[in-house]
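In what follows, a single structure is set out as structure tokens and then discussed.
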Amino acid sequence: IHHLAVPKLYLKQGHIYEIPSMVFSYFPMNLDLLYLIALYCDNDIAPKFIHFAFALLTAWWIFDYLKRRLDVFSGLLGVVLFLSLPIIVRLSTTVYVDLGLICFGFASLLFLLRYAERGFQPRYLVFAGLCCGLALGTKYNGLLVFFILTGLVPFL
């Protein structure tokens, strides 16, 4: 209804404009605007691959984190468990924004943990904030990421 429809209307108009008849056009649109690139090339399938790429990127970060903390087997197990979750399998074949939200939220958590591990270097906190901002700009559920990670900072 809106993940591809609103960007298509933007392309048809030639710019971003207000669409009062579509309430969804007022939602955060980070990933939807990323889909504009594929839609500009008249490709409706590529946004599915873009969305799936966020699942693969998250799986890579899970593998990397677990490999560094435990071992390669644990990293592979984490990837298999993540990618075999029914909701991840279902979302990987659609054009939504949830996998982007997961990716940005997880990246924010990783940077926050790295901030604590590496002696509280401010650059990791900045990167965590940027990823959290990307999560907020992807979907309103990014507020959960913001509140949880903000509450985690004093404990670190």
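The values are calculated or read from the model by the stated rules, or taken from the named source; none is laboratory data. What you are looking at is a predicted structure, and each value in this text was computed from that prediction instead of being measured. Ligands, DNA and RNA are stripped out before the accessible areas are found, and what is left, the full protein with its side chains, is counted by its heavy atoms. Shrake-Rupley method; radii C 1.70, N 1.55, O 1.52, S 1.80 Å.
Gaussian network model of the chain, Cα springs within a sub-10 Å range: biggest mean-square fluctuation belongs to which of Phe63, Phe73, Phe104?
In this elastic network of the chain, the residue with the biggest mean-square fluctuation among Phe63, Phe73, Phe104 is Phe73.
Bin by bin, in steps of 10 Å, what percent of the Cα pairs in the chain do you find, going until the bin that has the longest distance?
11, 33, 34, 17, 5, 0
Compute the relative contact order of the chain as a whole-number percentage, counting only Cα pairs closer than 8 Å that sit 6 or more residues apart in sequence.
Numbers: 162 pairs, mean separation 34.6, N = 156.
Rounded, it is 22 percent for the chain.
Could you work out the equivalent-ellipsoid semi-axes for the range 1-62, taking the square root of 5 times each eigenvalue of the Cα gyration tensor, largest first, in whole Å? Before the final figure, lay out the partial values.
Details: eigenvalues 115, 38, 14 Å².
For the range 1-62, the semi-axes come out at 24, 14, 8 Å.
Using only Cα atoms, tell me the angle between helix 72-83 and the longest principal axis of the chain; keep it within 0 to 90° and round to the nearest 10.
Long axis of 72-83 versus the principal axis of the chain: about 30 degrees.
Cα axis of helix 122-136 to longest principal axis of the chain: angle in degrees, 0 to 90, nearest 10?
Computed tilt is about 40 degrees.
At 1.4 Å probe size, with no ligands or nucleic acids counted, give the accessible surface of Lys48 in Å², nearest ten.
Estimated to the nearest 10 Å², Lys48 gives 80 Å².
By how many degrees, 0 to 90 and rounded to 10, does the Cα axis of helix 46-69 deviate from the longest principal axis of the chain?
10 degrees
Divide by every residue of the chain the summed helix terms, -39500 (n - 2.57) for each DSSP H run of at least 4, and state the resulting mean residue ellipticity at 222 nm, rounded to the nearest 500 deg cm²/dmol.
Numbers: 8 runs with 108 residues, N = 156.
So the calculated ellipticity at 222 nm is -22000 deg cm²/dmol.
So how far, in whole Å, is the C-alpha centre of the range 1-20 from the one of the range 28-57?
14 Å
Per residue, how much accessible surface does the chain expose to a 1.4 Å probe? Answer in Å², no decimals. All intermediate terms of the calculation are to be shown ahead of the outcome.
Numbers: 9240 Å² over 156 residues.
Here the residues of the chain average 59 Å² of exposed surface.
Is the range 96-156 best put as rounded, prolate or oblate by its Cα gyration tensor, with a ≥ b ≥ c the root eigenvalues, rounded for a/c under 1.5, and otherwise prolate when a/b is larger than b/c, oblate when not?
Values: a/c = 2.51, a/b = 1.88, b/c = 1.34.
The shape class here is prolate.
Identify all aspartates and glutamates with a Cα-Cα distance to Lys48 below 19 Å; exclude those on the same chain that are fewer than 8 residues away in sequence.
Asp32, Asp98
Cut-off 10 angstrom, C-alpha nodes, Gaussian network model of the chain. Which of Asn43, Asn30, Asn141 fluctuates the most?
Most flexible of the set in this elastic network: Asn43.
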